[in-house]
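Trainee: Shown below is the structure under consideration.
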Amino acid sequence: MQVSRSLFDDVMVPNYAPSKIIPVKGKGARVWDQDGKEFIDFAGGIAVNCLGHCHPALVTALKDQADKLWHLSNVMTNEPALLLAKALVDATFAEKVYFANSGAEANEAALKLARRFAKDKYGEQKNQIIAFKQGFHGRTFFTVTVGGQPAYSDGFGPKPEAIVHGEFNNLDSVKALINANTCAVMVEPVQGEGGVMPATAEFIKGVRELCDAHNALLIFDEVQTGVGRTGELYAYMGYGVTPDILTTAKALGGGFPIGAMLTTTDIAKHLVVGTHGSTYGGNPLACAVALAAVNTVNTPAVLAGVKAKAQLFKDGLDKINEKYHVFSEVRGAGLLIGAVLSSDYAGKARDFMLAAADQGLMALVAGTSVVRFAPSLVISDADITEGLARFERAVAQIVKA
Ligand SMILES: Cc1ncc(COP(=O)(O)O)c(C=O)c1O
């Protein structure tokens, strides 16, 4: 059967607007579409493909596990899940791990745990969640309501309650909202979907202190920043501020769906048998691949490489900007990079993304005025240089138009 983009419109729910391109093959940082056109991938499946496409360590882990055991459900545990949980505990502040299948589900678990912990310890009234405008935490009804773009949660009937939103990087706005009834503050160390906006160290430290002063849990949503993206295994390590709960997904599976919530024993104990769960959570295939991803990324060479490659990116983008004056700022953390369009090009991020695709480069947007890059953490310097050359041609095309 001939598969084309028009089939999408025939058979798929219209909640996405995918590109005309249908990729069929990937290797490292390169992707090929149905017509054999080749792309350099600076999108990484939205910060997922931390080791590029079809990395040998992940392919081997998946194939080995595929021959052994696919699924049990949580009626029984399994070796890959236990090994992955142990690896995450050994590598982070966490003492306990809960497995989910996506970022939204990891966040759903985190929010439910925070509410249950507060209720058990302090009573029903301590249920308020503070999150941030422009924040993004997923699309379940709870997580999308905690997210800071009401447009995403409007129109689905009554929303979960006791959720308020402060200004990101504005400690006074948190001070104004936090009180004895606050059970948790949920924050992304770098707002990803909200425009690749890093939290300042001062803000993150201040939020930690406010949580401590009000017996509120601090939840870091590291779904986009986790597993090496910022040059640390988790971004909290770079801030020197430890959360009470951390969520991770996207790069955790390097392209295989998995999410996890990490926390301490003292907090975890409130999610007793029967309070929460998922049929696929801790699936052996997902955990085997994720273990290989974590072990491959969590090495000094790969993490230092992220920082060096990020500099190469930034220098390259700065050079493009010296010539074309299209960005007001290039910001981000590690290989999560946002090129903020200057006022002349505000609202045109999608045009840049489409022009890049024409030139054989996959890029992302974050909102309407930020072009986002989230490539493989092990992309070669040569691929970065070639990708930036393609991006420069795309920029030139737009500037001339
Ligand atoms: C910070 C953050 N949290 C949560 C999510 C939701 O993850 P998922 O799409 O896997 O449910 C995303 C996805 O973009 C994200 O960037």
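The values are calculated or read from the model by the stated rules, or taken from the named source; none is laboratory data. These numbers come from a predicted model, not from an experiment. Glycine also receives a Cβ, built like all others from the backbone with ideal geometry; neighbour counts cover every protein chain displayed. Heads up: the accessible areas ignore ligands, DNA and RNA and are worked out on the full protein's heavy atoms, side chains in. Shrake-Rupley method; radii C 1.70, N 1.55, O 1.52, S 1.80 Å.
Trainee: Taking the Cβ of His137 as the centre, find all other residues whose Cβ is under 10 Å away and add up their charges (Lys, Arg: +1; Asp, Glu: -1). Provide the component values of the computation, followed by the final result.
Mentor: Details: positive: Arg139; negative: Glu108, Glu188, Glu193, Asp221.
Computed value for this residue: -3.
Trainee: Something else now. Residues with beta-carbon under 11 Å from that of Thr265, excluding Thr265: net charge, scoring Lys, Arg +1 and Asp, Glu -1?
Mentor: Numbers: positive: Lys96, Lys269; negative: Glu95, Asp266.
Around Thr265, the surrounding residues sum to 0.
Trainee: Taking only C-alpha pairs under 8 Å that are 6+ residues apart, what is the relative contact order of the chain in percent?
Mentor: Across the chain, relative contact order equals 22 percent.
Trainee: With +1 on each Lys and Arg Cβ and -1 on each Asp and Glu Cβ, how big is the dipole of the chain about its Cα centre, in debye rounded to the nearest 20?
Mentor: That gives a dipole near 180 debye.
Trainee: Moving on to the next point. From the helices alone, meaning DSSP H stretches of at least four residues, give me the mean residue ellipticity at 222 nm for the chain, per-run term -39500 (n - 2.57), in deg cm²/dmol to the nearest 500.
Mentor: -12500 deg cm²/dmol
Trainee: Per residue, how much accessible area does the range 1-113 show when a 1.4 Å probe rolls over the protein heavy atoms, in square angstrom?
Mentor: For the range 1-113, the per-residue accessible area is 57 Å².
Trainee: Next question, about the same structure. Rounded to the nearest 5, what is the percent of antiparallel bridges among the DSSP beta bridges in the chain?
Mentor: Taking every DSSP beta bridge with both residues in the chain, the antiparallel ones total about 65 percent.
Trainee: In addition: Determine which lysines satisfy two conditions relative to Lys119: a Cα distance under 21 Å, and not lying fewer than 8 residues away in the same chain.
Mentor: Result set, ordered by chain and number: Lys96, Lys159, Lys269.
Trainee: Between the range 100-144 and the range 307-332, what's the alpha-carbon centroid distance in Å?
Mentor: Measuring centre to centre over Cα atoms gives 36 Å.
Trainee: If the cut-off is 25 Å between C-alpha atoms, which lysines fall inside it for Lys400, apart from same-chain ones fewer than 8 positions away?
Mentor: Within reach: Lys20, Lys37, Lys314, Lys319, Lys323, Lys348.
Trainee: Right, next: Give me the net charge of Ser153's neighbourhood, meaning all other residues with Cβ under 10 Å from the Cβ of Ser153; Lys, Arg count +1, Asp, Glu -1.
Mentor: Around Ser153, the surrounding residues sum to +1.
Trainee: Under a point-charge model restricted to the Cβ atoms of Lys and Arg (+1) and Asp and Glu (-1), what is the dipole moment magnitude of the range 31-173 relative to its Cα centre, in debye to the nearest 20?
Mentor: Roughly 580 debye for the range 31-173.
Trainee: Pairs of Cα atoms under 8 Å, at least six residues apart: use those to get the relative contact order of the range 289-401, whole percent.
Mentor: 25 percent
Trainee: How would you order 188-194, 32-38 from highest to lowest mean count of nearby Cβ atoms within 10 Å?
Mentor: 188-194, 32-38
Trainee: Here's a follow-up. Taking the mean number of other Cβ atoms within 10 Å as a proxy for protection, how do you rank 266-276, 227-237 from highest to lowest?
Mentor: Highest to lowest by the protection proxy: 227-237, 266-276.
Trainee: For Cα pairs less than 8 Å apart in space and 6+ apart in sequence, what is the mean separation divided by the residue count of the range 169-212, i.e. the relative contact order in percent?
Mentor: Numbers: 24 pairs, mean separation 20.9, N = 44.
This gives 48 percent for the range 169-212.
Trainee: On the accessible surface of the chain, probed at 1.4 Å, how many percent belong to carbon and sulfur atoms?
Mentor: Working: 9850 of 17610 Å².
Of the solvent-accessible surface of the chain, carbon and sulfur hold 56 percent.
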